[in-house]
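Here the structure comes first, spelled out in structure tokens, and everything after it is commentary.
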Amino acid sequence: MDRLYYVFIRVLALLLAVLFLVPIVWMLLLSFMPEGQNVFGGGALHFTLDNYKKVLSLAPIFGWMGNSIIVSTVTTVLVLLFSSMAAYAFSRIRFPGSKLLFLLFLSGMMIPAEATLIPLYLLMRDFGLLGTRTSLVLPAVAGPMGIFILKQFFDGLPKDLEEAARMDGAGFFKIWYSIFLPLSRPALAALGIFTFIGAWNDFVWPLISISDKAYMTITLGLPMFQSSYVQQYALPMTANALAAIPVLVVFLIFQKQIIKGIAFTGGKEM
């Protein structure tokens with residue numbers, strides 16, 4: 001019975017993997033085919049790089065990708081930095097109102113992102129940051145999800161290490177930097193990859209805050225490019241394939257860390 005269950009789970013996982021890969025394979029096939037060629041039309045399939053040459057000549061794909069990489073990378077670094085500091089404070093430092101303040105942070109996860117668009121817009125406008133990369137980074141830095149995930153992980157770390165460090169004269173900052181950060185690499189990797197992908201895929205806030213084409217991210221540039229080729233398939237698919245490369249590479253490199261991070265942080269008590 002156990003063997004039958006094991007086979008069933010493997011087959012189900014294989015089917016889900018195939019369903020996940022079919023759109024990606026379809027996108028890649030169309031990007032290498034001349035416009036109008038039918039994959040299932042019979043006859044020999046012809047592959048070409050002309051679509052990639054056309055896309056790169058018609059749209060600043062690499063410029064948009066560069067903006068997305070800068071915004072996503074800076075956002076990820078700042079989220080990891082500030083979230084780990086806040087999580088350490090909530091996990092190990094006892095101060096008046098710490099539990100209430102942590103609950104207020106968690107309540108932010110129940111507020112839809114759409115409800116904060118107008119306040120964020122007004123705030124960025126008053127600070128003169130609209131239309132800059134800074135306006136894309138700052139709103140994501142103080143996300144409560146990162147603090148929650150890292151606090152769950154920090155709560156599970158043994159206190160003996162911290163007490164031994166205190167006996168050696170280490171302060172809060174040194175304990176956070178030299179003990180908690182190295183031990184929390186799986187959780188940091190998981191949070192980092194989720195933050196990077198979330199910043200890369202963000203569309204609504206960049207659409208509102210960015211108007212200059214020089215600062216557009218890939219999520220803004222692609223719809224603008226595709227709107228000019230609504231009757232075609234090859235060029236939009238080629239642009240999508242180029243835009244998906246960085247995210248796929250990051251996911252493939254850090255997939256083990258993602259799994260470990262979820263395993264370590266998913267079952268902790270708050």
Review point. Once amide H atoms are built 1.01 Å from N in the peptide plane, which residues 5 or more positions from Y233, or in another chain, come under 5 Å H to H?
Key: G36
Check your understanding: Rounded to two decimals, what is Rg over Rh for the chain when you use alpha-carbon atoms and the Kirkwood radius?
Key -> 1.06
Revision key, fill the gap. Which residues qualify? For T48, with a placed amide H closer than 5 Å and at least 5 residues away or on another chain, they are M33
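Would you work out what percent of the accessible area of the chain, with all protein chains in place, is carbon or sulfur (probe 1.4 Å)? Don't jump to the answer; show the numbers that get you there.
Numbers: 11610 of 16410 Å².
It is 71 percent, rounded to a whole number.
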Point to revise | Whole-Hz ³J(HN,Hα) from phi, Karplus 6.51 cos²θ - 1.76 cosθ + 1.60, for region 190-205, glycine and proline x | key: 4, 5, x, 5, 5, 5, 4, 5, x, 5, 5, 8, 4, 10, 5, 5
Review point. Under a plain spin-label model, where a point goes 7 Å from the Cα along Cα-to-Cβ, how far apart in nm are Q231 and V249?
Key: 3.6 nm
**Study point:** Lysine pairs within the chain, Cα separation less than 30 Å, 8 or more sequence positions apart or different chains
**Key:** 21
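Taking the highest mean first, how do the peptides 124-134, 175-185 order by number of other beta carbon atoms within 10 angstrom per residue? Don't skip to the answer; put the middle values down first.
Working: 124-134: 14.8, 175-185: 17.3.
Averaged packing, sorted descending, gives the order 175-185, 124-134.
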Exercise for review: Quick one: what are the phi-derived ³J(HN,Hα) couplings along region 97-110, Karplus 6.51/-1.76/1.60 with θ = phi - 60°, whole Hz, x for glycine and proline?
Suggested key: x, 5, 5, 5, 5, 5, 5, 5, 4, 5, 4, x, 6, 8
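How much area per residue is accessible in region 119-218 when the probe is 1.4 Å and only protein heavy atoms are counted (Å²)?
Values: 5240 Å² over 100 residues.
Each residue of region 119-218 exposes 52 Å² on average to a 1.4 Å probe.
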Practice item. Normalise the Debye intensity by I(0) for region 109-244, one equal point scatterer per Cα, no solvent, then take log10 at q = 0.09, 0.10 Å⁻¹ and round to two decimals. Key: -0.45, -0.53
Point to revise | Alpha-carbon Rg with Dmax, taken over region 12-123, Å | key: 23.9, 74
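Taking the highest mean first, how do the peptides 68-75, 17-24, 241-248 order by number of other beta carbon atoms within 10 angstrom per residue? Could the numbers behind the result be given before it?
Details: 68-75: 20.9, 17-24: 10.1, 241-248: 16.2.
Per-residue mean Cβ counts within 10 Å order the peptides as 68-75, 241-248, 17-24.
Peptides 98-104, 109-115: what's the order by average Cβ count within 10 Å, highest mean first?
Details: 98-104: 12.6, 109-115: 9.1.
Ranking, from highest mean packing down: 98-104, 109-115.
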Review point. For region 212-222, what does the Karplus curve 6.51 cos²θ - 1.76 cosθ + 1.60, with θ = phi - 60°, yield as ³J(HN,Hα) per residue in whole Hz, taken in order and with x for Gly and Pro?
Key: 7, 5, 5, 10, 5, 8, 5, 5, 8, x, 4
Point to revise | Contact order normalised by residue count of the chain, Cα under 8 Å, 6+ apart, percent | key: 33 percent
Check your understanding: By how many nm would the segment from V7 to A170 grow when fully extended, if each residue of separation counts as 0.36 nm and the alpha-carbon distance is taken off?
Key -> 53.4 nm
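The values are calculated or read from the model by the stated rules, or taken from the named source; none is laboratory data. Everything numeric in this text was worked out from a predicted model, so none of it was measured. Glycine gets a Cβ as well: all are built from the backbone with ideal geometry, and neighbour counts include every protein chain shown. Surface accessibility is based on the protein's heavy atoms, side chains included, excluding ligands, DNA and RNA. Shrake-Rupley method; radii C 1.70, N 1.55, O 1.52, S 1.80 Å.
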